[in-house]
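Some notes on the structure that comes next.
Bear in mind that the values in this text are calculations on the coordinates, not laboratory data. Being a predicted model, the structure only gives us computed values, none of them experimental. Here the Cβ is made from the backbone with ideal geometry for all residues, glycine too, and neighbour counts use every protein chain on show.
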Amino acid sequence: MKTPNLVDARKRNCDRVNIIRNFKIDSDLKRIGKNKKYVVKTYGCQMNERDSENICAILENMGFKRCNDIEESDLVILNTCAIRENAHNKVFGMLGRLKHIKESKDLLIGLCGCMAQEEVVVSEIMSRHKYVDFVFGTHNIHELPNVLNRAIVNQKQEVEVWSKEGDIVEDIPIKRESKFKAWVNIMYGCDKFCTYCIVPYTRGKERSRKSEDIIKEVKKLKELGYKEVTLLGQNVNAYGRDREEEISFAELLTKVAEIGIDRVRFVTSHPWNFTDEMIDVIAKYDNIMPYIHLPLQSGSDRILKLMGRRYTQEEYLNLFDKMKERIPGVAITTDIIVGFPNETDEDFEETLKVVEHCKYDGAFTFIYSPREGTPAAKMEDNIDLKTKEDRLHKLNEIVNKYSNMNNQKYLDKTVPVLITGVSEKDNDKLCGYTDTFKLVNVEGGKRLIGEIVDVKITDAKSFSLDGEVK
Ligand code: 5AD
Ligand code: SF4
């Protein structure tokens, strides 16, 4: 039994990061899942989606078969997100449903991901949700076979969550969700400690994978016929800074682009670490997609300082303008938080000013949500929820206006689209993404899935485009 500890999770030292390459499942554990079915439900960001690809592969190596229906499954694992309160609520809502199902059949329930790294969550699971059979954290996914085995053998709740700065585990098996687009982790963790954010506590310190391991993975994906890779990290442009001998993110992007895969993407970028060299590399290579997600969080210098974001409005706008100027046709999206403790109307107006300047292609907007253990959660806050909701509403109206305006520019143009699957809104249609990461719904046969096709845009809305395959 090991429970999470926020004090340990906050620590950062200069020790070298261990690279572990000896993942193995004991032969007697490989039969645990025989004739059993599993469901993994993933909440939150791409990092979790990518982790779930490891979790699924581990389970399948233990004999479990995947299924889509919880009612039919023998094992459900919730891979959770801790970024805001509503992410928590969704998971606890789901646990309630699972508890009910478990009353009428055998069901193993596991919880992992960022919520598993939180002291408050784990103590609540241990005291009030005893039907949860096992909990493991983001640092010990490779321990899943042992954790699951102990939960089954001991017939009591098994909690194994390591709060540490983190290792790099290279050889966990993977079952990729897609045959043509792949997530590739390039680094883990975050050292930025923005004052509102729980991620540096749940994901450990910034640690880069060796570039040779990344290159090898991308080359293999190219050989397998993958069309797109997305380089993943909480803070991708800090790549290599934690490893003296390592190359920079701009150099890594260059090497990845030169492998010749059709589309290279990366998320998420922190403005503070974005160099001119990176901008030049993105501009230079046709297969690095002209799309950048550049979180703003707030436009007010006062709030940015309280958030610990390390840039001013002016510095952000200079970077933004440089990107627009040097990367032809680049689309830029952002994240914005409203209602940070004591955000005044003037502060909020500064955010709107930036949005008016940047005319973003899209923005994810959030009301600030206090996360226990973070510095901002201790700040007194005299702004009421109604004011925060009004601000969010006002911001969204402006954000939507500009995303619609940007989308209108695509009308009647023919653009390459990677067809990714069947449209969620209309099962008779397909959907895909432009190089600038615009969602497009198109008519067409399923054989086009996984292909990059030319699409003529026939209609443009705020959140998607419609088009016809040429
Ligand atoms: N409250 C609201 N939004 C948050 N984010 C991160 N932490 C919080 C929080 N405590 C947002 C940021 C980040 C995105 C992934 O989630 O905008 O960029
Ligand atoms: Fe959180 Fe800031 Fe790190 Fe992003 S950069 S994960 S917002 S601490």
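Considering every pair of different Cα atoms, what Kirkwood radius, in Å, is found for the range 330-470? Don't skip to the end; give the middle numbers.
Numbers: mean 1/r = 0.0588 Å⁻¹.
Answer for the range 330-470: a Kirkwood hydrodynamic radius of 17.0 Å.
Among residues other than G467 whose Cβ falls under 11 Å from its Cβ, what is the net charge (Lys/Arg +1, Asp/Glu -1)?
Surrounding charge for G467 is -1.
Within 14 Å, Cβ to Cβ, of R326, how many net charges do the neighbouring residues add up to if Lys/Arg are +1 and Asp/Glu are -1?
Values: positive: K284, K322, K324; negative: D276, E277, D280, D321, E325.
Summing Lys and Arg as +1 and Asp and Glu as -1 gives -2.
P(r) for the range 27-184, please, calculated from all Cα pair distances in 5 Å bins and given in %.
Calculated over all Cα pairs of the range 27-184, the distribution is 2, 9, 19, 24, 23, 15, 7, 2, 0 percent.
Given a cut-off of 26 Å, name the pairs among K105/K130; K65/K216; K36/K102 whose C-alpha atoms lie farther apart than that in the structure shown. Don't skip to the answer; put the middle values down first.
Numbers: K105/K130 16 Å; K65/K216 29 Å; K36/K102 15 Å.
The pairs that break the limit, which is 26 Å between Cα atoms, are K65/K216.
Here is the link list: K324/K438; K409/K456; K227/K322. Which ones come out longer than 23 Å on Cα distance? Let's see the in-between values first.
Values: K324/K438 17 Å; K409/K456 12 Å; K227/K322 29 Å.
In this structure, K227/K322 exceed 23 Å between Cα atoms.
For the range 1-69 and the range 160-209, write down the distance between their C-alpha centroids in whole Å.
12
Starting with the highest mean, order 435-443, 419-427, 221-229 by the number of other Cβ atoms within 10 Å, averaged over the residues of each peptide. Show your work: numbers first, answer last.
Working: 435-443: 20.0, 419-427: 14.1, 221-229: 17.0.
So the order, starting with the most tightly packed, is 435-443, 221-229, 419-427.
Which whole-percent values make up P(r) of the range 248-339 when all C-alpha to C-alpha distances are grouped in 5 Å steps starting at zero?
The calculated distribution, bin by bin, is 3, 13, 25, 23, 16, 11, 6, 3, 1.
Return the long-range amide H neighbours of L111 (sequence gap of 5 or more, or a different chain), with a cut-off of under 5 Å between placed amide H atoms.
L78, F134, V135, F136
If you put +1 on each Lys and Arg Cβ and -1 on each Asp and Glu Cβ, how big is the dipole of the chain around its Cα centre, in Debye rounded to 20?
It works out to roughly 1280 debye.
Given N residues in the range 51-135, what is its alpha carbon radius of gyration divided by 2.2 N^0.38 Å?
Working: Rg = 12.9 Å, N = 85, 2.2 N^0.38 = 11.9 Å.
The reported ratio for this selection is 1.08.
Name the long-range amide H neighbours of A363: under 5 Å, sequence gap of 5 or more, or other chain; modelled H, no Pro or chain starts.
T334
Given the options T365, H270, V440, identify the residue whose Cα lies farthest towards the positive end of the charge dipole of the chain (+1 on Cβ of Lys, Arg; -1 on Cβ of Asp, Glu).
V440
Treat every Asp and Glu Cβ in the range 27-135 as -1 and every Lys and Arg Cβ as +1, leave all other atoms uncharged, and give the resulting dipole magnitude about the Cα centre to the nearest 20 debye.
Details: 17 positive and 16 negative charges, 56 e Å.
Charge dipole, the range 27-135, about its Cα centre: 280 debye, nearest 20.
Report P(r) for the range 76-124: all Cα-Cα distances, bin width 10 Å, range 0 to the bin holding the largest distance, values in whole percent.
Histogramming the range 76-124 at 10 Å steps yields 25, 55, 19, 1 percent.
Count charges around S300 for me, please; just the other residues with Cβ under 10 Å from its Cβ, Lys/Arg as +1, Asp/Glu as -1.
Working: positive: R302, K305, K353; negative: D301, E343, E346, D347, E349, E350.
Here the count lands on -3.
For the residues W272, W183, what sequence is obtained by ranking on other C-beta atoms within 10 Å, fewest first? Numbers along the way, then the final one.
Working: W272 15, W183 21.
Listed from fewest to most nearby Cβ atoms, that is W272, W183.
Rg and Dmax of the range 130-180, using alpha carbons, in Å: what are they?
Cα radius of gyration and Dmax of the range 130-180 are 13.4, 41 Å respectively.
Looking at the range 97-189, which GluC sites (Glu not before Pro) are in a loop (DSSP not H, G, I, E or B) and have at most 11 other Cβ atoms within 10 Å? Please list the in-between numbers first.
Numbers: sites: E103, E118, E119, E124, E143, E158, E160, E165, E170, E177; in loops: E103, E118, E165, E170, E177.
Within the range 97-189, the qualifying GluC sites (Glu not before Pro) (loop, at most 11 other Cβ atoms within 10 Å) are E103.
Give me the Kirkwood hydrodynamic radius of the chain in Å, from all C-alpha pairs, to one decimal place? Spell out each step's value before the answer.
Values: mean 1/r = 0.0424 Å⁻¹.
Kirkwood radius, the chain: 23.6 Å.
Can you pull the percent of Cα pairs in the range 140-260 with separation above 17 Å?
64
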